[in-house]
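A.B. asks: If you scroll down you'll find the structure; I have some questions about it.
The values are calculated or read from the model by the stated rules, or taken from the named source; none is laboratory data. Because the structure is predicted, anything quoted here is derived from the model rather than measured. Neighbour counts run over all protein chains shown; Cβ positions are idealised from the backbone, glycine included.
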Amino acid sequence: MATIIVGMADLKVAKAPDILTTLGLGSCVGITLYDKINKAGGMAHCMLPTYKGFEGQSIAKFVDSAVIELIKQLERLGIQRRSLVAKITGGAHMFGGNANNDLLKIGERNAAAGLAILKQLAIPVIAQDTGGKHGRTIELIMDTGALKIRTVGLGEKFI
Amino acid sequence: MSDEHESILTKHLDVFKEIGNIGAGHAASALAGLLNRKITMSVPEASVVPFSEIVNVLDGPETLVAGVLIDLSGELNGYILLLLGMEDAMSMVAQALQEPRRDTSEPTFELSHMEQDTLLEIANILVGSFLSAISSLSGLGATPTVPQLAIDMLGAILNIAMIEYGQIGDSVLFLNTKFSDMDGDINGHFFLIPDYNSYKILLESLGLEG
C-alpha cells in the first residue's frame, strides 16, 4: 500500500490498496471521484473555481478543468464515468473580515463550482463537508472509498 | 505568463530584501517596547517560492501556525499575510504578557482572548512596519484594515496567498525576517500579496518595470 500525496493545484489517480491524500485544505477544495467496482479513484486539490480566463495555466489549479481531467485519467484506467461518485471537502473561510470581499469568499465559490461541474457531468455527489473556518487534511482510501477528514482541534471523521 | 511573473520578481529580489530590511528595522524597535527587551534583527531573505514548495517553508502543510491577514486598500490594494510558527508566536505573547510560555503541543491548546489580542497587536506592529517601508520606497499609500487571526494548518492558511498569486502565476514572493533576543530567534514570515493591478503599480512605482 502506498500513500500518494496530491499537492496544491495538483491531481492524481490511484487504485486499491493505495491511499490518496492532500494536506491542509483551506479555502481550496478537495474533490474526489471513486469507482467501487474497480476500487479506483482520483483526487484534485483546486484553488480557483474556473479555468475560464486563465487558459494556459495548470488545469489542476481550477475546479472545473481539474474534474474533467480527473475523469479523463480515470477513463484511461478503464473506468466508466457513470460508475463514479464524488465527495467534496474544503472551501473554508479561514479569515473573518469583510464578508463582501471576493478573495475571502473564494472558499464558498470553489465549493459551488465543484457542485456545478459535477452536476453538469451527471456525477452524483454522495458526501460533502465544506465551509467553516478550519483547515482539513483528507485521505481517500481506495479499498473502501471512505474519505477520512482530519482537522486541528475538531478531530477526525469519515464521510 | 507565469514564467514572466516569476522572472520579474526574481530579478528584483534585492529591492524586496531592502523593503524587508527597512521594515524589520522599524519593527525591531517597536517590538522591543512591547516585549520589554532588546531585540536585534538580522538581514531578511527574500525569495520567489513555487506553490509546490511553499508549504515546506515551515515544516510542512499540517504544521500548526498563527496566520494574520491584513487587508490593504488605497493606492496599493491586496494583503499582507504574516505567518509565525506556534512556538514563536507563543513565546512573544508570553513575553509581552510577562507570563510563562505555554506548551503548544497539548491537544487542548487554545488561545485566550487576551493572548489573541496580544498576538494581533504584535502582528500589527510587524505588518505596520513592513507597510511603512513599502510606502516610503514606492511612494504608494495603503491603509491596513483590522487584522484577522487564524490558527490552523499551514497549508490551509497559505491558500489565501496562493489564490491571489494563482491568478498571476505559480509562485509567490516571500520575505523571511529573523528577530533575536536573549532567549533565541523568532522568525516572521511575510507574504506580500498585491492584487493583480497593484502588483504592476508597485513594480512601476519602485522604478523596476513599466
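A.B. asks: Determine whether B:Ala89 is of a type in the set (A, V, I, L, M, F, W, C), free of Cβ contacts under 8 Å to residues at least 12 places away in the same chain and assigned to a helix (DSSP H, G or I).
C.D. replies: no
A.B. asks: Give me the residue from segment A:40-74 that is of a type in the set (Lys, Arg) and more than 22 Å from A:Thr137 (Cβ to Cβ) and, out of that set, surrounded by the fewest Cβ atoms within 10 Å (Cβ to Cβ).
C.D. replies: Among them, the one singled out is A:Lys52.
A.B. asks: Further, regarding this structure: Out of curiosity, is B:Pro50 crowded, with 23+ Cβ neighbours inside 10 Å and in contact (Cβ under 8 Å) with a residue 24 or more places away in the chain?
C.D. replies: no
A.B. asks: Report yes if B:Met92 is within 12 Å of chain A (Cβ to nearest Cβ), at pLDDT 85 or above and crowded, with 23+ Cβ neighbours inside 10 Å, otherwise no.
C.D. replies: Judged against the criteria, B:Met92 is not a match.
A.B. asks: Please determine, by comparing only the residues of segment B:46-57 that are of a type in the set (S, T, N, Q) and outside any loop (DSSP other than H, G, I, E, B), which one is farthest from the other protein chains (Cβ to nearest Cβ).
C.D. replies: Among those that are of a type in the set (S, T, N, Q) and outside any loop (DSSP other than H, G, I, E, B), it is B:Ser47.
A.B. asks: Among the numbered criteria (1) under 17 Å from the mean Cα position of the chain (by Cα); (2) closer than 30 Å to B:Ala94 by Cα; (3) modelled with pLDDT under 80, which single criterion is violated by B:Gly184?
C.D. replies: (1)
A.B. asks: I need the full set of residues from segment B:79-89 which are within 12 Å of another protein chain (Cβ to nearest Cβ) and surrounded by fewer than 21 Cβ atoms within 10 Å (Cβ to Cβ), in order please.
C.D. replies: B:Met86
A.B. asks: When the residues of segment A:93-112 are filtered to those that are surrounded by 23 or more Cβ atoms within 10 Å (Cβ to Cβ) and outside any loop (DSSP other than H, G, I, E, B), which remaining residue is modelled with the lowest pLDDT?
C.D. replies: Looking at the filtered set, the residue picked out is A:Ile106.
A.B. asks: Check off (1) farther than 17 Å from B:Leu31 by Cβ; (2) surrounded by fewer than 17 Cβ atoms within 10 Å (Cβ to Cβ); (3) more than 14 Å from every other protein chain (Cβ to nearest Cβ) for B:Val146 and give me the number that stays unchecked.
C.D. replies: (3)
A.B. asks: Please tell me if B:Ser7 is at pLDDT below 85 and surrounded by fewer than 18 Cβ atoms within 10 Å (Cβ to Cβ).
C.D. replies: Yes.
A.B. asks: A further question follows. For residues in segment A:113-141 being more than 14 Å from chain B (Cβ to nearest Cβ) and among the small types (Gly, Ala, Ser), which is surrounded by the fewest Cβ atoms within 10 Å (Cβ to Cβ)?
C.D. replies: Only one residue fits best here, namely A:Ala122.
A.B. asks: Let me ask something additional. Name every residue in segment A:126-159 that is assigned to a strand (DSSP E or B), of a type outside the set (S, T, N, Q) and touching a residue at least 40 places away in the same chain (Cβ under 8 Å), in order of residue number.
C.D. replies: Result: A:Ile126, A:Ala127, A:Asp129, A:Arg136, A:Ile138, A:Glu139, A:Leu140, A:Ile141, A:Leu147, A:Ile149.
A.B. asks: Sticking with this one: What number of residues within segment B:98-116 are surrounded by 13 or more Cβ atoms within 10 Å (Cβ to Cβ) and part of a helix (DSSP H, G or I)?
C.D. replies: The qualifying residues number 2.
A.B. asks: Going by the structure shown, is B:Leu76 within 21 Å of A:His134 (Cβ to Cβ) and touching a strand residue (DSSP E or B) at 6+ places or on another chain (Cβ under 6 Å)?
C.D. replies: Taking the combined requirement at face value, the residue does not satisfy it.
A.B. asks: Moving on. Looking at segment A:25-74, which of its residues are acidic (Asp, Glu) and within 10 Å of the chain's Cα centre (by Cα)?
C.D. replies: none
A.B. asks: Does B:Ser52 satisfy the criteria of being at pLDDT below 80 and among the hydroxyl-bearing types (Ser, Thr, Tyr)?
C.D. replies: yes
A.B. asks: Would you check if there is a residue in segment B:58-77 being in contact with a Pro (Cβ under 9 Å, 6 or more places away or on another chain), within 12 Å of chain A (Cβ to nearest Cβ) and not in a strand (DSSP E or B)?
C.D. replies: Yes, segment B:58-77 has at least one match.
A.B. asks: Between B:Gly78, B:Gly139, B:Gly74, B:Gly85, which is at pLDDT 85 or above, within 14 Å of the chain's Cα centre (by Cα) and not hydrophobic (A, V, I, L, M, F, W, C)?
C.D. replies: None of the others qualify; the one that does is B:Gly85.
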